[in-house]
Each structure stands twice: as C-alpha cells, then as structure tokens.
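Below: the structure, in structure tokens.
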Amino acid sequence: MENKNETTVTVLENGPLLVSGTIKLIGKDGKEEIKEGNTALCRCGLSKNKPFCDGEHRNSDVLKS
Ligand code: FES
C-alpha cells in the first residue's frame, strides 16, 4: 500500500535521482531549503546548478552503461 507521506528516491536510467516527496536540503553553506513534489538531483556531476539536475547529462555519456 502506498504511503502518501513517504519520500522516495528513484534512480532514473541515464539520468538524475528523482526525489518525490518533501525533503530538507542543506547546502554546503548550511542554508536549509524545503523542496516539495519532485526534485531531480544530479548524479552525473555535470550540472551547472548542483545539486540539482539541469539536463546537462543528456549531452554526455557519463551515465550510460
Ligand atoms: S544528472 Fe542531469 S545534469 Fe547531472
């Protein structure tokens, strides 16, 4: 049974980590940000808007196996 309050992380094929649910994101400067809904986190290292995915992975083979 699905828990509506559950936060899930889905590894998208050749793409980012898709976080669904409410999370508190703490930056390296200690700044906290609440994100709700879907948040795509970069796992290729190429995003210019880390920790978020900006779609740059599409221009690389980094995540393709
Ligand atoms: S996973 Fe999308 S830019 Fe890195």
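Quick notes on this one:
Per-residue answers, yes or no, for (1) under 9 Å from the mean Cα position of the chain (by Cα); (2) within 25 Å of residue 65 (Cα to Cα); (3) surrounded by 12 or more Cβ atoms within 10 Å (Cβ to Cβ):
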residue: 8; (1), (2), (3): no, yes, no
residue: 15; (1), (2), (3): no, yes, yes
residue: 28; (1), (2), (3): no, no, no
residue: 39; (1), (2), (3): yes, yes, yes
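- Check on residue 22, surrounded by 12 or more Cβ atoms within 10 Å (Cβ to Cβ) and more than 8 Å from the ligand (Cβ to nearest atom): yes
- Residue in the stretch 45-62 that is more than 9 Å from the ligand (Cβ to nearest atom) and of a type in the set (Gly, Ala, Ser) present: no
We did not get these values from a lab; they are worked out from the coordinates using the rules stated. In this text, all values refer to a predicted model and were calculated from it rather than measured experimentally. Ideal geometry is used to build each Cβ from the backbone, glycine not excepted, and the neighbour counts take in all protein chains shown.
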